[in-house]
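Engineer: This is the structure I want to talk about, given as structure tokens.
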Amino acid sequence: MSHEITLTVNGHAHTRTVEARLLLSDFLRHELGLTGTHVGCEHGVCGACTILLDGVPVRSCLTFAVQANGHEIMTVEGLGHDPENLHPLQQSFWESHGLQCGFCTPGFLMTLLPFLQENPDPSEQEIREAISGNLCRCTGYQFIVDAVKLAAQKMGEPQP
Amino acid sequence: MKPAAFDYHAPTTLDEALALLAAYGDEAKILAGGQSLIPAMNFRLAQPAILVDINPVTTLVGIHAEGDGGLRIGTMTRQRTVEHSDLVAARAPLLAETMPHIAHPQIRNRGTFGGSLAHADPASELPAVAVALGMTLRAQSTRGERDIDATDFFQGLFATALEPDEMLIEVLIPALPARTGTAFAEVARRHGDYAMAGAAAVVTLAEDGTIAACKLVYLSIGDAPVESHSAASALLGVIPTDEAIRAAAEAMEQDIDPLGDIHATAAYRRHLAKVLARRTLASAVARARN
Ligand SMILES: Cc1cc2nc3c(=O)[nH]c(=O)nc-3n(C[C@H](O)[C@H](O)[C@H](O)COP(=O)(O)OP(=O)(O)OC[C@H]3O[C@@H](n4cnc5c(N)ncnc54)[C@H](O)[C@@H]3O)c2cc1C
Ligand code: FES
Ligand code: FES
């Protein structure tokens, strides 16, 4: 059974006809070509597919694209586009070596963006809990925690 | 993997949703937060022919203060909303204490209060807490409405008292009596993982400081929430000293028969159950005294 859906992704409206069983993660990657949203496990465990649905972080692999009809999505492509214009959160990951292979990074960024907006001065414990739903096989997490601390600082400063 | 094909319905009213369930019976599955159902569909462990998505039914969302000091929570209320509710913190502190232990924030943003109860995973926190607090689960179908006590609702591994055409619509949480303290604790390998064992305790003191009522309920110890009646009777009418609590934890052992699996051996679960009994009963008593 196919359904016509219209949703806003990173500020742009898209209309497509999709099968009901199409996962939102696959819709973003294959229908819209937004391959920044990564797919690791497809059962909610790894967090690589985390996106914002109406401003809150959710697993795009545990949502059907039809369910996003009429809703607003933000993916990692909605952050900074090129090395000169990185979002302070991305910049902090870069400066603190918060990534190695980068597979997990989009999920971390989309988890942390609303976290830092709600909690601008988090403790280390709060940071570790906030990222407990995202797996990284490379960094050992320490540099990610450092990156979040740096990002909290940067995001607290007045933007130029 | 990817889910098998299905027909998708997204009714916007409860009546429409119930009519769909009545028409399709056990061919249809309700889609709530999808945080248990969609993983099962992705692995093709579940292949429902029809999905009834109740996310658009907004009347199923909300946390309401009842006149008697209790609460009424709509089934589609997100777990994250319950976690952050001041009303829940004030009236059902046990629930507020438990919510952060369920999965991860991203899962709780989508997972629903009622979906977790209806799913009846023995490793889930909410079924055990529902039994500990004596919640009433309200179900509705085109045939009418009925109230089910939490103790009767959970019938085994992923099995509940719900009929295929019934929907859990809301949950009633009774007010806590005076001089009552509650506590939750669990042991998991990693924050957010399903627990190897967990316990919820609810203790009410009489005016003379003896125990007037006590409930101790476990998750991940059996194939449904396991209530220890022996621990409760060991404590009834006595002053809850450290020794009395230790004796209750010993008495509890006869009520459980945990299984071993890849996460924990039966012996380790038995050990955890005893430790969790002591911890939760002691903090529930301390809170009841305040
Ligand atoms: C990585 C991961 C970790 C998790 N960790 C935990 C954890 O530690 N503890 C825990 O408790 N849970 C955990 N969960 C499960 C999560 O809490 C689910 O959200 C919850 O179990 C199911 O709720 P849901 O709203 O997502 O329901 P769904 O997945 O939509 O539905 C689950 C089942 O219940 C039925 N159902 C749903 N709503 C109703 C209703 N109103 N009436 C009748 N039937 C209904 C559905 O048909 C389906 O069979 C985890 C999930 C993931 C992906
Ligand atoms: S791909 Fe969605 S959580 Fe792993
Ligand atoms: S940087 Fe490789 S998985 Fe995190």
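Engineer: From the list A:G80, A:G98, A:G44, A:G70, pick out the single residue that is part of a loop (DSSP other than H, G, I, E, B), away from ligand 3 (no atom under 16 Å from the Cβ) and crowded, with 21+ Cβ neighbours inside 10 Å.
Structural biologist: Criteria check complete, one pass: A:G44.
Engineer: When you go through B:T136, B:T98, B:T112 one by one, which is the residue that is over 24 Å from B:L31 (Cβ atoms), surrounded by 24 or more Cβ atoms within 10 Å (Cβ to Cβ) and either among the β-branched types (V, I, T) or within 16 Å of ligand 2 (Cβ to nearest atom) (or both)?
Structural biologist: B:T98
Engineer: Give just the number: which of (1) assigned by TED's automatic domain parsing to the domain that holds B:R91; (2) within 22 Å of B:R287 (Cα to Cα) does B:P164 not satisfy?
Structural biologist: (2)
Engineer: Another question, if that's okay. In the stretch B:102-124, how many are more than 6 Å from ligand 1 (Cβ to nearest atom), in contact with a helix residue (DSSP H, G or I) (Cβ under 8 Å, 6 or more places away or on another chain) and within 11 Å of chain A (Cβ to nearest Cβ)?
Structural biologist: 5
Engineer: Something else now. Among the helices (runs of 4 or more DSSP H) confined wholly to the stretch B:90-155, which include 2 or more residues that are under 16 Å from B:V226 (Cα atoms) and away from ligand 3 (no atom under 16 Å from the Cβ)?
Structural biologist: Values: elements: B:93-98, B:105-108, B:113-119, B:125-132, B:150-153.
Hits in the stretch B:90-155: B:125-132, B:150-153.
Engineer: Do we have A:T139 as hydroxyl-bearing (S, T, Y), buried (at least 16 other Cβ atoms within 10 Å of the Cβ), within 16 Å of ligand 3 (Cβ to nearest atom) and at negative phi here? Please lay out each step first, then the result.
Structural biologist: Details: hydroxyl-bearing (S, T, Y): yes; buried (at least 16 other Cβ atoms within 10 Å of the Cβ): yes; within 16 Å of ligand 3 (Cβ to nearest atom): yes; at negative phi: yes.
Taking the combined requirement at face value, the residue satisfies it.
Engineer: What number of residues within the stretch B:43-78 are within 14 Å of chain A (Cβ to nearest Cβ), over 24 Å from B:T13 (Cβ atoms) and either touching an Asp or Glu at 6+ places or on another chain (Cβ under 6 Å) or touching a residue at least 12 places away in the same chain (Cβ under 8 Å) (or both)?
Structural biologist: 4
Engineer: Further question on the same structure: For the stretch B:232-256, which positions are buried (at least 19 other Cβ atoms within 10 Å of the Cβ) and closer than 22 Å to B:G156 by Cα?
Structural biologist: Correct list: B:M252, B:I256.
Engineer: Okay, moving on. Collect the residues in the stretch A:101-136 that are surrounded by 17 or more Cβ atoms within 10 Å (Cβ to Cβ), polar (S, T, N, Q) and part of a helix (DSSP H, G or I), keeping them in residue-number order.
Structural biologist: Across the stretch A:101-136, the qualifying residues are A:T105, A:T111.
Engineer: Follow-up question, since we're still on this one. For the stretch B:79-90: of the residues being crowded, with 21+ Cβ neighbours inside 10 Å and either over 15 Å from B:G115 (Cβ atoms) or away from chain A (no Cβ under 14 Å) (or both), which is nearest to the chain's Cα centre (by Cα)?
Structural biologist: The qualifying residue nearest to the chain's Cα centre (by Cα) is B:V82.
Engineer: If you scan the stretch A:6-21, which residues turn out to be farther than 19 Å from A:G55 by Cα and either more than 14 Å from chain B (Cβ to nearest Cβ) or touching a residue at least 24 places away in the same chain (Cβ under 8 Å) (or both)?
Structural biologist: A:T15, A:R16, A:V18, A:A20, A:R21
The values are calculated or read from the model by the stated rules, or taken from the named source; none is laboratory data. Computed from a predicted model, the values in this text were never measured in an experiment. Quick reminder, even Gly has a Cβ in these numbers, built from the backbone with ideal geometry, and neighbours come from all protein chains shown.
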